[in-house]
Amino acid sequence: MSAELETVPHPDKESLAADTAERVLDVVVAAQEERGGASLVLTGGSMGTAVLAALAASPRRDEVDWSRVDVWWSDERFVARDSPERNCVQAAEAVGGALALNPDRVHYVGSADDFETAEDAAFDYRRELAAAADAEHRTESFPRFDLSLLGLGPDGHVASLFPGRPHVHEQDATVLGVQDSPKPPPERVTMTLPMINSAQRVWFLVAGADKAEAVAAVRGGAPLERTPGAGVHGSEETLLLVTQDALNA
């Protein structure tokens, strides 16, 4: 089962970030009330980091026990560990230490300082995901994700799944190494669509008129080969949280 895409427009980036942060808090609070913990898959990009900054600044942030939140990334740039290009480095800067996360529950993708190749880092992340699934006594090879946040590129890419590349059709592996990304840096690690779609909720965070064509393609169910984002859906909820200018294609 998968949820139909629901579009939620916002007047600007600031309201999009603030509203999304409140929605994230609602999801995490409910998950912790239900089973004690929660699990989030984060994304990079300007809106991804803006949402994290809004979370850190929210007066409601203390409603969450952040030490019981697992954090994953849908993709990562295969560069040096402390490179400002790393999504996790940008996330840490956005949060600024305001969320008391448990370091053991923050699941970083391996860097170029840790592994020789992006595929080696991808194999390690697959193993970490499988270990977390085992710890949760799940039959799947991935843990439970309450929410996955995703950006959407002007070309329709999500995570590091780009149009016209074979990675968009992968059905077996949960995480892949990318060697030839059309967007620099060329080497990356990415979750596959089945991995992304395993989340209960998947929310696109999209801002800017340059994304309007991609948004229209996703909403119109464009072919996966041309628009990887059209293949994204959560099992219970799929939201397109978007600024109004990105709807004016």
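Each value in this text was obtained by applying a stated rule to the coordinates, not by laboratory testing. Fair warning: this is a prediction, and the values are worked out from it, not measured in the lab. As a convention, Cβ positions derive from the backbone with ideal geometry for all residues, glycine included, and neighbour counts pool all protein chains shown.
When every Cα-Cα distance of the range 1-68 is counted in 10 angstrom steps from zero, the calculated P(r) takes the values 19, 47, 31, 4 percent. The ratio of the alpha-carbon radius of gyration of the chain to the globular-protein estimate 2.2 N^0.38 Å is 0.93. Taken about its Cα centre, the range 137-229 carries a charge dipole of about 240 debye when Lys and Arg each add +1 at the Cβ and Asp and Glu each add -1 at the Cβ. Calculated FRET efficiency, residue 219 to residue 113, Cβ-Cβ distance, R0 = 41 Å: about 0.55 to the nearest 0.05. Every helix of 4 or more DSSP H residues in the chain counts as -39500 (n - 2.57), and over all residues that averages to -9500 deg cm²/dmol at 222 nm. Ranking 166, 64, 107 by how far each Cα lies toward the positive end of the dipole of the range 62-175 (charges on Cβ) leaves 166 at the top.
Once the Cα-Cα distance is subtracted from the 0.36 nm per residue extended length, the residue 172 to residue 135 segment shows a gain of 11.2 nm. Considering only 63, 225, 128, give the residue with the highest GNM mean-square fluctuation for the chain, with springs between Cα atoms whenever their separation is below 10 Å. For the chain, modelled as a Gaussian network with Cα springs under 10 Å, the answer is 63. Taking only the Cα atoms of the range 149-249, how large is their convex hull per residue, in Å³? Per residue, the Cα convex hull of the range 149-249 comes to 87 Å³.
Quick one: dipole size for the range 1-142, taken about the Cα centre, charges +1 on Lys/Arg Cβ and -1 on Asp/Glu Cβ, in debye to the nearest 20. Write down the numbers at each step before the final one.
On the way: 13 positive and 29 negative charges, 42 e Å.
Once rounded to the nearest 20, the dipole reads 200 debye.
Each peptide among 229-240, 22-33, 134-145 gets the average number of other Cβ atoms lying within 10 Å of its residues, and from highest to lowest they stand as 229-240, 22-33, 134-145. For the pair residue 15 and residue 100, label points projected 7 Å from Cα toward Cβ lie 3.5 nm apart.
Output the DSSP H helices from the chain with an along-axis C-alpha extent of no less than 20 Å and a mean Kyte-Doolittle hydropathy no less than -1.0. The answer, listed by residue number, is 13-35, 118-135.
Within the listed set 183, 211, 13, the Gaussian network model of the chain (springs between alpha-carbon atoms below 10 Å) gives the highest mean-square fluctuation for 183.
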